1. Restricted to the stretch B:77-116, and to residues that are part of a helix (DSSP H, G or I), within 7 Å of chain A (Cβ to nearest Cβ) and under 18 Å from the mean Cα position of the chain (by Cα), which residue is nearest to residue A:175 (Cα to Cα)?
2. Among (1) part of a helix (DSSP H, G or I); (2) within 9 Å of chain A (Cβ to nearest Cβ), there is one condition residue B:125 misses while meeting the rest; what is its number?
3. Identify, by number, the condition in (1) closer than 19 Å to residue A:187 by Cβ; (2) free of Cβ contacts under 8 Å to residues at least 60 places away in the same chain; (3) at the interface with chain A (Cβ under 10 Å from one of its Cβ atoms); (4) not in a helix (DSSP H, G or I) that residue B:50 doesn't meet.
4. Restricting the stretch B:32-47 to residues that are surrounded by fewer than 20 Cβ atoms within 10 Å (Cβ to Cβ) and not in a helix (DSSP H, G or I), which is farthest from the other protein chains (Cβ to nearest Cβ)?
5. Take the residues of the stretch B:134-148 that are surrounded by fewer than 20 Cβ atoms within 10 Å (Cβ to Cβ) and within 23 Å of residue B:201 (Cα to Cα): which is farthest from the other protein chains (Cβ to nearest Cβ)?
6. If we scan the stretch A:143-155, do we find a residue that is in a helix (DSSP H, G or I), more than 14 Å from every other protein chain (Cβ to nearest Cβ) and over 27 Å from residue A:218 (Cα atoms)?
7. May I ask you to say which residue of A:70, A:18 is surrounded by 10 or more Cβ atoms within 10 Å (Cβ to Cβ), over 30 Å from residue A:139 (Cβ atoms) and at pLDDT 85 or above?
8. What helices (runs of 4 or more DSSP H), lying completely within the stretch A:159-265, carry at least 2 residues that are more than 14 Å from chain B (Cβ to nearest Cβ) and within 22 Å of residue A:125 (Cα to Cα)?
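The values are calculated or read from the model by the stated rules, or taken from the named source; none is laboratory data. Everything numeric in this text was worked out from a predicted model, so none of it was measured. FYI the Cβ positions are ideal-geometry reconstructions off the backbone, even for glycines, and counts take in every protein chain you see.
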């Protein structure tokens, strides 16, 4: 390279520029190919505002006739979320312990822990629910177990990371004083992980409240069953009642978890 | 009586950090170990309670060879060795009393530890020691609410709760301001006398070492090259300890090998 004058500068060399245009072209081609490969019925897309207005019209006014049974299903939904969260908390603690690099007893347990976390997290709650409806039959048990299975991975992962990030110096100090492994965990690790533990538990309960509302769609108990029934029978006024109930319920859950966060953390 | 013989430590097969080191500390002596960073002071101290595993040699504390101990025996032996750290190593979110009582974890049952129902005599001893170092009124405060000097006092009391036969202090004053630093050194010296406890202190501050300890051990590159009363530490000895040229030392070692 021998620049004779100093009045010329460009961000890219010509070669780089050609490369960049090439990448841009390829991206456009991929998007175009994706668009033409999916089968969109464009009339229905253009039609959607009218359809939406029509649906809203049918939903108004909401029909409160089934409110008692809706409230009952709502209560069931809260219970699914809460019980599942409690079980998940208990189970995720040992999983987090063996999935954290600094507390796991050996490499084998580390991989077992990691495997539990990954398998729990990579499957969506609804898919777990489908599986457990097949095992336990439709109902609340399938819902609780499904939410629990998904939550173990979530909480175990976050708690495990919190364990890996602790200050190791108090751990060293207690080891030096002759404390057993369990007592070191109890005094040097547990207090450091406590804030994360509460934050993660409350967050997961919050998420589980919302997830449990759709479980009924696959027959795993809760408000979703009534919603599904109402949609199937084109009972739109009842659908809107259920939707409003879910909205109120989620807002209430948000308020409660916000209150808990403020009190505990 | 602590007796170290032919102690060698090398990390992952590299050059030895401690080279055939011999040291004897007995009675209620306060011994300071000085030397530039990397001389092996911290490694030496940590070999004694085996936070660092010695490569070879023996370390005997009142008749027990610490280097030969299995896991559960090591735990019992560690109860007899108190340690104070540069960064205090307290559990911030626990109260001062819980931190102090954590020095007794090797003695009390798991249930007592879990429920924080400590034995009466431990609580009494804790209050006595906390009173002695001036932190008794903080018993219910969280450890992270205290100042540096106060935190180190908690660290000292925690170590003394073990009723140790020897106290190791790894640069106990390096994180403290000069005045607090002197207070802590004076405290360690006085406690050594009161409890008839030998104390080994790693320290960078030579003035404090001279003022507060009975004996100074100077280390350079894994060897002890000075070991005498503080008054014997003259300029020449200081030069030898601190102004050593690493390259020369390595060359000498290469020639020997």
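1. Checked the stretch B:77-116; the qualifying residue nearest to residue A:175 (Cα to Cα) is B:78.
2. (2)
3. Against the list (1) closer than 19 Å to residue A:187 by Cβ; (2) free of Cβ contacts under 8 Å to residues at least 60 places away in the same chain; (3) at the interface with chain A (Cβ under 10 Å from one of its Cβ atoms); (4) not in a helix (DSSP H, G or I), residue B:50 comes up short only on (1).
4. B:36
5. So, considering only residues that are surrounded by fewer than 20 Cβ atoms within 10 Å (Cβ to Cβ) and within 23 Å of residue B:201 (Cα to Cα), the one farthest from the other protein chains (Cβ to nearest Cβ) is B:134.
6. no
7. Exactly one of A:70, A:18 is surrounded by 10 or more Cβ atoms within 10 Å (Cβ to Cβ), over 30 Å from residue A:139 (Cβ atoms) and at pLDDT 85 or above, namely A:18.
8. On the way: elements: A:169-176, A:181-184, A:190-212, A:223-232, A:236-264.
Passing ranges, in order: A:190-212, A:223-232, A:236-264.
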